[in-house]
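Undergrad: I have a structure here, written as structure tokens, and I will follow up with some questions on it.
The values are calculated or read from the model by the stated rules, or taken from the named source; none is laboratory data. Treat the numbers as computed from the prediction; the structure is a model and nothing was measured. Reconstructed Cβ throughout: ideal geometry from the backbone, glycine too, with neighbour counts over all protein chains shown. When the accessible area is computed, the model is the full protein with side chains, heavy atoms only, and any ligands, DNA or RNA have been set aside. Shrake-Rupley method; radii C 1.70, N 1.55, O 1.52, S 1.80 Å.
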Amino acid sequence: MNLRAILTSGLVCFFAGALYGWSALIGPLQDRFGVSTGRTGLVFSLAIVSFTCAVILIPWVMRHAATPRTVACLGLLGAVCVFAAARVGGLAPFLALFSGGFGFASGGVYIAALGVAGRSPRHRVATPAMVASFGLGGAIFGPLWRQMDARGWGLDGLDVLAVGLLVTSVAALFVQQAETAAPKDIGRPETQQGDTPIPVTQLWLVFAFGSFGGLMVLGLAAKMLDAGEVGLGMASLTLAGVAVGNTLGRLSVAVLVRQLPLRGCLMLAMGLTLLGLCAAIWQTSAALLCAGLVLVAAGYGIVAAAVPVLTRAAFGAVLFQRRFALVFSAWGVAGFMAPWAGGALFDLRGSFAMPLVLAGLSSVICLVLVRRMAKFV
């Protein structure tokens with residue numbers, strides 16, 4: 001895979017990541033359909049299910065899933081679903097098109113684009129860059145849709161996403177057509193097949209426990225700031241910092257892998273997460289709480305990028321997609337459990353102290369699992 005294939009796939013991945021800017025659509029959805037906030041929450045819940053199903057299924061049902069053409073086809077599917085979702089007249093068809101259709105297309109683009117990056121000779125740089133591109137899409141489209149809604153666009157703001165997916169997907173198709181005669185460069189596994197020193201179950205547990213605290217903060221940051229009586233201006237700045245910290249954490253792995261072993265990257269991530277959680281638990285000021293949430297988001301970003309790089313290093317380019325599809329299900333479990341457990345414990349205690357302690361315990365377990373990994377990377 002050359003640079004053009006990675007760049008075009010990364011651009012499609014960027015627009016597919018807009019799925020994570022969904023919260024900016026709550027207002028337009030309520031204005032269009034007159035539904036409660038609770039019902040709009042179904043949008044992201046169902047989208048996560050569709051996304052996770054695509055990540056798991058695509059590598060197993062498609063023979064050539066790690067190509068720009070696959071990325072492009074899934075991106076085109078997403079463009080059609082988004083364009084149609086902006087024009088439906090009820091919440092049910094919107095859920096089917098946006099949460100079901102675009103959610104599935106987004107997950108498919110994500111795993112296919114990671115496959116493209118994983119087949120690059122410089123996969124340790126290309127893979128975290130691809131993960132960061134996806135996260136950046138959510139960080140940019142959320143604020144963008146908010147601004148567009150304030151100017152009266154409503155759900156028509158989805159057209160910007162549809163056009164972006166269409167243009168970048170067509171570009172990825174042309175790159176693939178121009179390179180069909182080129183020899184395949186799938187790289188070499190860094191360990192022999194069947195002789196990997198890291199079991200899939202261990203990677204699964206590392207991803208699940210390592211993501212738990214970050215996903216709790218990403219899902220409940222706004223509520224945590226409200227509970228901490230943080231002012232509107234500082235709260236808005238913190239939410240932006242959480243998005244930026246998450247994105248920079250992902251991107252930083254491309255640099256960190258040149259200085260640290262992958263085990264070291266994950267240990268650094270848990271160090272940042274635990275430091276941030278301690279600041280949020282024993283907060284003495286609003287600024288300390290805000291800084292803690294940003295640190296947790298940065299630690300989560302490192303985990304989100306380091307785990308796929310580690311999976312690629314452990315299993316090689318040929319097996320990467322299918323193995324990571326299994327490992328990624330850990331993210332789905334953590335993504336469901338962390339916000340739910342945090343919210344339930346807050347309702348029980350009236351404080352986020354216990355949820356944050358639980359997140360800290362999860363991070364410690366992840367740290368222990370990482371330290372027990374074979375030192376081959």
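Undergrad: Under the rule a/c < 1.5 gives rounded, and otherwise a/b versus b/c splits prolate from oblate, where does region 194-262 land using the Cα gyration tensor?
TA: Taking the square roots of the gyration eigenvalues as a ≥ b ≥ c, region 194-262 is oblate.
Undergrad: Taking the Cα-to-Cβ direction at R122 and at T201 and moving 7 Å from each Cα, how far apart do the two end points lie in nm?
TA: It works out to 3.9 nm between the two label points.
Undergrad: Using C-alpha positions alone, give me the convex hull volume of the chain per residue in cubic angstrom.
TA: On the way: hull volume 45.7 nm³, N = 377.
Dividing the Cα hull volume of the chain by its residues yields 121 Å³.
Undergrad: Return the distance in nm (one decimal) between the two label points of a simple spin-label model at V333 and R258, each offset 7 Å from Cα along Cα→Cβ.
TA: Label-label distance for V333 and R258, simple model: 3.6 nm.
Undergrad: What does the extension gain come out to for N2 and D31, with contour length at 0.36 nm per residue minus their alpha carbon separation?
TA: Working: separation 29, 0.36 × 29 = 10.44 nm, distance 4.55 nm.
Length difference between fully extended and current span is 5.9 nm.
Undergrad: Write down the accessible area per residue of region 53-164 in Å², having rolled a 1.4 Å probe over the full set of protein chains.
TA: Result: 36 Å² per residue.
Undergrad: Something else now. On a C-alpha basis, how far is the centre of region 29-74 from the centre of region 258-287 in Å? Whole number, if you could?
TA: For region 29-74 versus region 258-287, the Cα centre distance is 30 Å.
Undergrad: What does the C-alpha gyration tensor say about the overall shape of region 7-56? Classify as rounded when a/c is under 1.5, otherwise prolate if a/b is larger than b/c, or oblate.
TA: oblate
Undergrad: Using DSSP H assignments, which helices in the chain have an axial alpha-carbon span of 24 Å or above and a mean Kyte-Doolittle hydropathy of 0.5 or higher?
TA: Going by DSSP H runs, the hits are 37-61, 68-85, 158-178, 200-227, 232-256, 262-281, 286-349, 353-371.
Undergrad: A139: net charge of surrounding residues, Cβ under 15 Å, Lys/Arg +1, Asp/Glu -1, itself excluded?
TA: On the way: positive: R146, R250; negative: none.
Computed value for this residue: +2.
Undergrad: Considering only A269, A227, A359, give the residue with the highest GNM mean-square fluctuation for the chain, with springs between Cα atoms whenever their separation is below 10 Å.
TA: A227
Undergrad: Rg/Rh for region 1-92 to two decimals, with Rh computed the Kirkwood way over all alpha-carbon pairs. Walk me through the numbers before you get to the answer.
TA: Working: Rg = 15.5 Å, Rh = 15.0 Å.
With Rg and the Kirkwood Rh in hand, the quotient comes to 1.04.
Undergrad: Starting from the Cα-Cα distance between A96 and V167, subtract it from 0.36 nm times their residue separation and give me the gain in nm to one decimal.
TA: 23.2 nm
Undergrad: Near the amide H of M62, under 5 Å away, which other amide H atoms are found, from residues 5 or more places off or on another chain, if H is placed in the peptide plane?
TA: none
Undergrad: Leaving out ligands, DNA and RNA, what percent of the accessible area of the chain is carbon and sulfur, probe 1.4 Å?
TA: 67 percent
Undergrad: On a full-extension model of 0.36 nm per residue, what is the gain between A286 and D347, subtracting their alpha-carbon distance, rounded to one decimal in nm? Provide the component values of the computation, followed by the final result.
TA: Details: separation 61, 0.36 × 61 = 21.96 nm, distance 2.15 nm.
This chain segment gains 19.8 nm when fully extended.
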